[in-house]
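Input: a single structure, listed below in structure tokens.
The values are calculated or read from the model by the stated rules, or taken from the named source; none is laboratory data. Fair warning: this is a prediction, and the values are worked out from it, not measured in the lab. All Cβ positions, glycine included, derive from the backbone under ideal geometry; neighbour counts span all protein chains shown. Side chains included, ligands, DNA and RNA excluded: accessible areas come from the protein's heavy atoms. Shrake-Rupley method; radii C 1.70, N 1.55, O 1.52, S 1.80 Å.
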Amino acid sequence: MPSTGPVLIKLQDLARSYGQGSATVNALRGVSLDIAEGEFVAIMGPSGSGKSTCMNIMGCLDTPTGGHFYFRGLDVGALSNDQRALLRRHYIGFVFQGYNLLPRTSAIENVELPLIYRQMGARERRSLALNAMRQVGLAGWENHAPNELSGGQQQRVAIARAIVTAPALLLADEPTGNLDTARSLEIMNLLIRLNRSEGITIVMVTHEPDMAAFARRIVRFKDGEIETDQLNSKAA
Amino acid sequence: MFLETILLAFRAIRRNTLRSTLTALGIIIGVAAVTALVTIGNGTTQSVVSGVSRLGSNLLSVRPGEPGGAPGSARSTARPFNAADAAAIADQIGGVKAVAPIASAKVTSVVGNENWETSVAGTLNTYFEAGQWTLASGRLFTEGELHAGNPVCVIGETVRRHLFGKSDPIGQALRLQRIPCTVIGLLASKGAGAFGMDQDDIVIIPLRAFQRRIAGNIDVDFINVAARADTATAKVKRDIENLLRERRRIGTGQRDDFSVFDMTEISSTLSNITTVLTGLLSAVAAVSLLVGGIGIMNIMLVSVTERTREIGIRLAVGALRRQVLAQFLVEAVVLSLFGGLIGVAIGLSLAAAMAGWLNVPFVFEPTVVVGSFMFSGLVGVLFGYFPARRAANLNPIDALRHE
């Protein structure tokens with residue numbers, strides 16, 4: 001596969017099964033995939049195709065039961081729970097379908113959350129968070145709680161939270177799944193901009209071909225395996 | 001980071017003010033009960049011990065009646081003592097500092113229009129030494145007055161207050177029944193005794209004056225003996241018993257018809273009893289603290305379930321398991337320390353109010369306050385740990401999907 005930079009993520013014959021004995025479910029059955037720094041990859045596939053499982057492993061939230069997952073050459077499968085937490089803390093940002101913001105907590109405090117675990121001082125935290133809010137076009141909405149924001153705004157707060165730490169990798173799980181077309185396009189344009197100008201590698205799981213079309217590379221999963229992996233020449 | 005965790009805990013507690021308050025209520029009640037009971041118990045112990053010690057340390061009291069009865073009981077049936085018994089104790093027993101024969105009765109004393117029912121004791125100057133009385137003003141009896149049984153008296157503070165008001169009692173006359181009596185001395189106040197009686201409510205006259213003019217006999221109701229500080233009171237007590245058995249002709253095998261009370265012994269017995277009672281009551285109160293702790297655990301478990309998604313988010317953005325554990329543990333501890341603080345305040349005010357009501361001193365003991373406060377913290381740690389560990393061990397993927 002063509003790549004724009006050094007390899008960030010390397011999946012080697014990756015397998016993940018749940019349960020035991022006859023009840024075993026093989027969510028991933030030998031997936032090999034390289035993603036380079038700076039790529040924007042869309043992962044598609046029907047429910048149960050293993051795309052979410054693959055996403056969780058790439059996000060260091062889950063560990064494979066077979067094969068290897070290398071993050072910048074580091075074998076994540078061999079790491080402890082805390083070591084994976086530290087990887088997440090320093091290199092990975094998450095955006096979820098359901099936004100997953102802390103309720104009754106202002107937008108700016110939601111954005112500051114990852115920085116708290118980086119032991120950063122309050123003033124530095126605030127200035128980084130304000131900057132991230134500006135990047136997602138939410139300057140002036142800092143003190144609104146999530147329930148005072150629209151779905152699109154909430155998702156932008158979630159993106160600000162994901163990028164405030166300047167991560168190497170941004171994982172987006174159906175980021176437009178709860179949004180109408182106009183809001184979805186806004187979010188996609190924002191992700192594209194972050195990918196291009198900030199150089200953040202983005203891996204996005206989506207159902208919608210319209211959204212996948214924004215990515216430069218589209219990987220399709222089926223039954224726990226990669227069905228197709230192709231460059232998207234139409235990418236904007 | 002630690003500060004952040006504490007701020008976070010405060011915020012989580014404030015977010016659910018009513019629930020937090022109700023949860024803390026269990027701890028508040030427990031800590032308040034322990035604090036109040038221990039404080040009141042200590043006050044009672046102190047009141048008993050100091051009351052007995054105000055009677056005079058190393059004091060033995062010899063009274064008619066069989067041993068085993070309370071002081072003063074059954075004394076009408078037993079033979080009374082006489083002045084010679086007291087003299088014999090003073091002469092023949094070693095280690096004795098002062099021996100005071102005492103005859104007493106309740107008598108109405110009158111000055112002008114004022115009258116006051118008080119106890120009148122006929123005794124010698126040794127009485128003041130044995131009971132560790134000091135004079136506030138005036139003087140004690142002279143040898144002549146004691147020998148002749150002159151109508152002179154030394155009065156206690158309570159009697160002075162009721163009969164003389166603001167005027168100086170020294171040199172003034174007082175009537176005991178129909179006997180006029182000149183006040184020559186005023187005793188310094190000693191306050192309440194071990195059994196709650198007012199020790200200052202007393203008029204003291206020469207023994208002979210009492211026997212001749214009030215009682216009309218030569219009886220001595222009881223004998224107070226002060227042992228020297230370097231002498232074991234137990235030995236003095238034994239010697240007195242032997243001497244009196246001899247003087248009262250009680251044969252071997254016969255029961256004593258008098259008893260010797262060792263005030264030091266009574267004091268330590270009483271303080272032991274009150275200490276044990278205090279301990280028991282506090283143990284009962286501590287059970288309510290335990291119940292409060294279970295309340296905290298319950299609410300923390302609910303809170304962990306409610307905030308599963310939040311925990312998932314925190315884990316996803318890079319919180320370590322121990323940081324999540326610390327967050328919930330600190331929340332439980334802050335909640336219970338908060339309860340402890342309010343509990344201590346309520347407990348102390350309750351103790352102060354009860355002390356006034358029960359007429360025991362309010363003994364503020366920092367160890368009780370610090371102890372119950374620490375204990376509430378401990379309850380928080382113990383009962384907060386399980387829910388916190390549960391939160392920390394959540395799988396981030398499941399936690400994020402939790403509805």
Inset, instruction - Work out which residues of the range B:367-403 lose at minimum 50 square angstrom of accessible surface when the other protein chains are put back, relative to the chain isolated, with a 1.4 angstrom probe, and list them by number. - result: B:397, B:400
Inset, instruction - Let me know the shape class of the range B:161-297, please: from the alpha-carbon gyration tensor, a ≥ b ≥ c as square roots of the eigenvalues, rounded when a/c is under 1.5, otherwise prolate if a/b is greater than b/c, or oblate. - result: oblate
Legend entry - Set of aspartates and glutamates near residue B:190 by C-alpha distance (under 12 Å), chain-local residues within fewer than 8 positions excluded: B:157, B:198, B:200, B:201
Inset, instruction - Answer rounded, prolate or oblate for the protein assembly as shown, using the Cα gyration tensor with square roots of eigenvalues a ≥ b ≥ c: rounded when a/c is under 1.5, else prolate when a/b is larger than b/c, else oblate. - result: prolate
Inset, instruction - Using a 1.4 Å probe over the heavy atoms of the protein chains, calculate the carbon and sulfur portion of the accessible area of the protein assembly as shown as a whole percent. - result: 56 percent
Inset, instruction - State, in square angstrom and to the nearest 100, the accessible area buried between chains A and B, both chains counted, probe radius 1.4 Å. - result: 2200 Å²
Legend entry - Relative compactness, the range A:86-218, computed as alpha-carbon Rg over 2.2 N^0.38 Å: 0.98
Inset, instruction - Provide the percentage of antiparallel DSSP beta bridges, counting only those with both residues in the range B:79-256; round to the nearest 5. - result: 75 percent
Inset, instruction - Pop the C-beta distance of residue A:24 and residue B:19 into the FRET formula with R0 = 56 Å and round what comes out to the nearest 0.05. - result: 0.85
Inset, instruction - Kindly provide the trypsin sites (Lys or Arg not before Pro) of the range B:154-241 that DSSP labels as loop, not H, G, I, E or B, and whose Cβ sees at most 15 other Cβ atoms within 10 Å. - result: B:166, B:178, B:228
Legend entry - Rule-of-thumb Rg ratio for the range B:80-235 [Cα; 2.2 N^0.38 Å; N residues]: 1.03
Inset, instruction - Determine, for each peptide in B:145-151, A:113-119, the mean count of other beta carbons within 10 angstrom over its residues, then list the peptides with the highest first. - result: A:113-119, B:145-151
Inset, instruction - Please arrange B:133, A:141, B:357, B:116 by accessible surface area, largest first, computed with a 1.4 Å probe and ligands excluded. - result: B:357, A:141, B:116, B:133
Inset, instruction - Under a cut-off of 20 Å between alpha-carbon atoms, report the lysines in cross-link reach of residue B:235, not counting same-chain residues fewer than 8 places apart. - result: B:97
Inset, instruction - Run through the DSSP bridge list for chain B and note the antiparallel percent, rounded to the nearest 5. - result: 80 percent
Inset, instruction - Just tell me, in residue order, which DSSP H segments of chain B are both 15 angstrom or longer along the helix axis (alpha-carbon based) and at least 1.0 in mean Kyte-Doolittle hydropathy. - result: B:17-54, B:263-306, B:321-358, B:366-392
Inset, instruction - Compute the length gained on full extension between residue A:207 and residue A:86: take 0.36 nm times their separation in residues and subtract their Cα-Cα distance, giving the result in nm to one decimal. - result: 40.5 nm
Inset, instruction - Counting other Cβ atoms within 10 Å, keep those with at most 11, restrict to DSSP loop, and tell me which trypsin sites (Lys or Arg not before Pro) in the range A:148-236 are left. - result: A:234
Inset, instruction - Take every DSSP beta bridge whose two residues both sit in the protein assembly as shown, then give the antiparallel share in percent to the nearest 5. - result: 70 percent
Inset, instruction - Could you pull out the chymotrypsin sites (Phe, Trp or Tyr not before Pro) across the range A:18-84 that fall in loop regions by DSSP (anything but H, G, I, E, B) with no more than 16 other Cβ atoms inside 10 Å? - result: none
Inset, instruction - Counting only heavy atoms of the protein chains, get the accessible area per residue of chain B (1.4 Å probe) and round it to a whole Å² value. - result: 47 Å²
Legend entry - Cα-based reach from residue B:237 at 14 Å (exclusive), listing aspartates and glutamates while leaving out same-chain residues under 8 positions away: B:256, B:262, B:265
Legend entry - Minimum 10 Å² accessible area buried by the other protein chains, the range B:316-361 residues, probe 1.4 Å, relative to alone: B:316, B:317, B:318, B:319, B:320, B:321, B:322, B:323
